[in-house]
Amino acid sequence: MESEGLILFGVNNIYTVRIDEKDVQCRIKGKIFKDDRAYYNPIAVGDIVRVTPDPLSPDEGLIVSRTERKNAFIRFNMKKRTPQVIASNVDYLMTITSVKSPPFRPRFIDRLLVSGLIEEIEPVIVVNKCDLGIDKETQIRLDDFEKNGFKVFYCSAKTGEGIEELRSFIQYKTTVFAGQSGVGKSSLLNLLEPDLDLKVGKVSSKYDRGVHTTRFSIMVLLDDGTRVIDTPGIRECWIYNLDPDQLKFYFPEFILPSGECGYSSCLHFDEPGCKVKELVEEGKIHKDRYKSYLNILESLTERESY
Ligand SMILES: Nc1nc2c(ncn2[C@@H]2O[C@H](COP(=O)(O)OP(=O)(O)OP(=O)(O)O)[C@@H](O)[C@H]2O)c(=O)[nH]1
Ligand SMILES: [Mg+2]
Ligand SMILES: [Zn+2]
């Protein structure tokens with residue numbers, strides 16, 4: 001008899017699948033996902049799968065198919081040149097960031113926001129470690145995100161500040177926590193679910209960055225049905241599945257002024273009469289956001305010529 005399940009965790013081709021109220025260890029039956037070789041992993045946390053009992057091991061299951069994904073948070077593995085699905089079927093992509101230790105990296109946030117928008121996952125920013133203080137320049141950049149329509153939460157896993165607001169925002173939804181190593185993703189999740197006791201690492205004082213404590217993605221089901229996915233820290237966020245001339249649509253503050261650019265197909269790069277560039281020069285569009293745009297555009301154009 002087949003049943004439907006939700007992937008909570010998976011490593012070495014053994015998956016923990018929530019079926020009804022129980023967690024069942026499952027393997028993939030045979031080579032059913034051979035069409036999916038373009039991906040590093042055929043099954044990801046958040047996938048909905050069909051499972052049959054394993055005839056050789058009655059307490060375990062065999063995954064026989066996967067329901068089509070609504071969306072996916074994908075990491076592009078530059079070394080292997082393959083996309084890796086970190087989590088699927090999610091409502092919010094929460095970029096967790098810290099103001100200090102590790103340092104604030106707004107360009108990295110810009111990339112994660114684009115990744116979410118491409119997949120039609122609502123991107124949200126969570127500024128953790130607020131107990132360490134926020135300098136003026138960082139605050140200006142954070143206000144700019146809000147001005148452009150992104151939700152920004154301020155919290156501290158150390159003091160508990162802002163946690164209840166975060167909890168009510170994610171209630172009943174599926175949220176993936178993403179960000180650099182050491183920003184406090186696992187710490188925040190431990191605070192949301194105190195019995196959880198996820199391993200928390202330190203921030204290397206020598207390099208001022210995390211030590212990659214979380215090794216595998218895991219979905220945590222909170223008591224009220226809220227779902228949160230903790231993920232390993234990522235060093236870089238590559239945008240890969242995008243036509244370079246589409247990128248401009250993922251920077252919300254470019255959309256309105258682009259109507260006043262000299263060319264309707266303006267890439268806001270070096271075209272004459274570009275309104276976006278004019279607003280950057282006037283300080284009305286944050287120059288750092290524009291730099292992020294140019295950096296991503298460049299990487300997409302390079303990639304096209306492989
Ligand atoms: N001061 C301060 N430290 C925090 C806060 N949140 C987490 N930390 C510390 O930051 C360090 C890293 O926390 P983790 O929760 O392991 O970070 P992570 O994002 O899960 O890191 P990876 O699993 O490596 O990706 C730990 O030493 C935490 O105690 C906070 O709000 N304030
Ligand atoms: Mg972690
Ligand atoms: Zn333009």
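Observations
- Computing FRET efficiency as 1/(1 + (r/R0)^6) for Lys70 and Leu198, where r is the C-beta to C-beta distance and R0 is 25 Å, gives about 0.45.
- Cβ crowding within 10 Å ranks Tyr172, Tyr290 as Tyr172, Tyr290, fewest other Cβ atoms first.
- Convex hull (Cα only) mean projected area of the stretch 244-304, reported in nm² to one decimal: 3.8
- The reciprocal of the average 1/r between distinct C-alpha atoms defines the Kirkwood hydrodynamic radius, which for the stretch 176-280 equals 17.1 Å.
- Within the shell defined by Cβ-Cβ distances under 10 Å, the residues around Gln180 carry a net charge of +3, with Lys and Arg each +1 and Asp and Glu each -1.
- Those aspartates and glutamates that a straight Cα-Cα span of less than 19 Å connects to Lys202, excepting residues fewer than 8 apart in one chain: Asp131, Asp230
- Treating each Cα of the chain as an identical point scatterer and summing with the Debye formula, the log10 of I(q)/I(0) at q = 0.14 Å⁻¹ comes to -1.10.
- Karplus-derived HN-Hα couplings along the stretch 193-209 (A = 6.51, B = -1.76, C = 1.60, θ = phi - 60°), whole Hz, x at Gly and Pro: 9, x, 6, 5, 6, 5, 5, 10, x, 10, 9, 4, 6, 5, 9, 6, 8
- Residues whose amide H comes within less than 5 Å of that of Val220, counting only those at least five positions distant or on another chain, are Val228, Ile229, Asp230 (H built at 1.01 Å from N in the peptide plane).
- For the chain, the longest principal axis of the alpha carbon atoms and the long axis of helix 136-147 meet at an angle near 80°.
- For the residue pairs Lys100/Lys291; Lys147/Lys287; Lys100/Lys147, the C-alpha atoms sit more than 18 angstrom apart in Lys100/Lys291; Lys100/Lys147.
- With K and R counted +1 and D and E -1, the other residues having a Cβ less than 15 Å from that of Gly116 yield a net charge of +1.
- Unpartnered cysteines - no second Cys beta carbon under 4.7 Å - across the chain: Cys26, Cys130, Cys155, Cys237, Cys274
- Centre separation in Å (Cα based) which lies between the stretch 221-261 and the stretch 86-145: 10
- Exposure proxy for Arg215, Arg167: other Cβ atoms within 10 Å of each Cβ, ordered fewest to most, give Arg215, Arg167.
- Net charge, Tyr293 excluded, C-beta distance under 12 Å - Lys, Arg +1, Asp, Glu -1: +3
- 3J(HN,Hα) from dihedral phi, the stretch 151-167, Karplus parametrisation 6.51/-1.76/1.60, rounded to Hz, x for glycine, proline: 7, 10, 9, 10, 7, 9, 6, 7, 9, x, 4, x, 5, 5, 5, 5, 4
- Alpha carbon centroid spacing (whole Å) that separates the stretch 164-219 from the stretch 59-76: 23
Quick note: the coordinates plus some simple rules give every number you see, no bench work behind them. What you see is a predicted model; the values in this text were computed from it and never measured. Here the Cβ is made from the backbone with ideal geometry for all residues, glycine too, and neighbour counts use every protein chain on show.
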